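First up is the structure itself, then whatever we jot down about it.
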Amino acid sequence: MITISSSSSLSLGKLIAEKLGSRSSEVARKRFPDGELYVRIDTDLADETAVLVGNTRTDQDFMETLLLLEAAQGRHPDRIIVVIPYFGYARQHMRYRAGEPISSYAIGRAILDYADSIYCVEIHDERAMAPFNGKIHNIKISSTLADFVAKWKVDYVISPDDGGKDRADSVARIVGCESMALDKKRIDDTNVEIVNPDLELKGKRAVLVDDIISTGGTIMKASQMLVKNGLSWVSVAAIHGLFINQSAEKISGSVSEVAVSNTIETPYSKIDVSGAITDRIQEEIK
Ligand code: R5P
């Protein structure tokens, strides 16, 4: 087995390779003068299982993943497993208006043209996986989150919206505390409204758990409201830290600690998901 890491997942790819006991392939990369990307896989993959770890967060990430896949296929591996720690473009998993693309479908199709299967971590909406007949596997990391959060000794695990309620419930069950979901309405791309839960939280400790921190608007609004309701301590544990417009720094100013996983490599990536990923891959290749 050989692991190949794209530049968006170099540290996570290394951890995955160590846990799988696989070799890591050397990859040469450069930019042509016109800006186009060049990659080369310098390891023979013939008759091997190739595990390619790469995000689709940005257009550049996606392009590198695609080029690495084409390069990998040219080396005739036995099979190709793609790990997409953060499946970007999964928020557009349907045509909300005529004329829009189903972006997650476009990404999945392009990757599965080369790969036998895809493993992703907590995809934003599992409906994005529906057209792919079980070839995309979603790895839920509630227990990894719970193991991390347990040391904070919280009274509540809180989801800022209803979509994350099941995750908050699972984390709370493992930690052994209460859970709840707030009622959030998105006003536009950067602004949200959250209904005050009208709950007395005086002296309580809580963690806000969410799948994505993008502009940070959701977490800022939720944490400020909960503190107004009396919370004495609040921290954030999220899965994918996109942190647009320095939102991590802004959030850090209003909560005690910010932690995200290493699906996207950031200075706040304190929650390691490599074990959760390799457990699932090892199940497939057994
Ligand atoms: C929304 O459905 C997600 O679960 C997150 O709450 C959202 O993506 C966070 O975005 P932002 O940080 O921009 O408020």
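Worth pointing out:
- DSSP bridge orientation in the chain - percent antiparallel, rounded to nearest 5: 20
- Sequence ranges 81-89, 260-268, ranked by mean other-Cβ count within 10 angstrom, highest first: 81-89, 260-268
- Counting DSSP beta bridges with both ends in region 81-233, the antiparallel % (nearest 5): 20
- Cα convex hull of region 117-183, projected area averaged across orientations, nm²: 4.9
- Antiparallel DSSP beta bridges within region 1-100, as percent of all bridges there, nearest 5: 30
- Set Lys14/Lys140; Lys19/Lys165; Lys184/Lys204; Lys14/Lys250 screened for pairs whose C-alpha atoms are more than 27 Å apart: Lys19/Lys165; Lys14/Lys250
- Convex hull of region 1-126 built on C-alpha atoms - directionally averaged projected area, nm²: 8.2
- All Cα pairs of region 202-277, percent lying beyond 16 Å: 44
- Surface composition of the chain: carbon and sulfur atoms hold 46% of the protein heavy-atom accessible area at a 1.4 Å probe.
- Considering all different alpha carbon pairs of region 185-232, the Kirkwood hydrodynamic radius works out to 11.5 Å.
- Share of Cα-Cα pairs in region 1-71 lying beyond 20 Å, as whole percent: 25
- Three semi-axes of the equivalent ellipsoid, region 52-175, Cα gyration tensor, whole Å, largest first: 30, 19, 12
- Inverse mean reciprocal Cα-Cα distance (Kirkwood Rh) of region 27-66, Å: 11.7
- Think of it as helices only: each DSSP H run of n ≥ 4 in the chain is worth -39500 (n - 2.57), and spread over all residues that comes to -9000 deg cm²/dmol at 222 nm.
- Working ranking of peptides 70-77, 207-214, 163-170 by packing, defined as the average number of other Cβ atoms within 10 Å per residue, highest first, is 207-214, 163-170, 70-77.
- Cα convex hull volume per residue for the chain (Å³): 138
- Taking amide H positions as modeled 1.01 Å from N, with prolines and chain starts lacking one, the residues under 5 Å from Ser179 and 5 or more places away or on another chain are Val157.
- Share of Cα-Cα pairs in region 142-271 lying beyond 24 Å, as whole percent: 18
- Whole-number percent relative contact order across the chain, with pairs defined as alpha carbons under 8 Å at least 6 apart: 14
- Between the alpha-carbon centres of region 118-183 and region 1-70 there is a gap of 28 Å.
- For region 37-76, accessible area per residue (1.4 Å probe, heavy atoms of protein chains only), Å²: 44
- Among 177-186, 148-157, sorting by the average number of other beta carbon atoms lying within 10 angstrom of each residue, highest first, gives 148-157, 177-186.
- 3J(HN,Hα) from dihedral phi, region 198-203, Karplus parametrisation 6.51/-1.76/1.60, rounded to Hz, x for glycine, proline: 6, 10, 6, 10, 3, x
The values are calculated or read from the model by the stated rules, or taken from the named source; none is laboratory data. Treat the numbers as computed from the prediction; the structure is a model and nothing was measured. For neighbour counting, all protein chains shown are included, and Cβ atoms are generated from backbone atoms with ideal geometry for every residue, glycine included. To get the accessible areas, we keep the full protein, side chains included, count just its heavy atoms, and leave off ligands, DNA and RNA. Shrake-Rupley method; radii C 1.70, N 1.55, O 1.52, S 1.80 Å.
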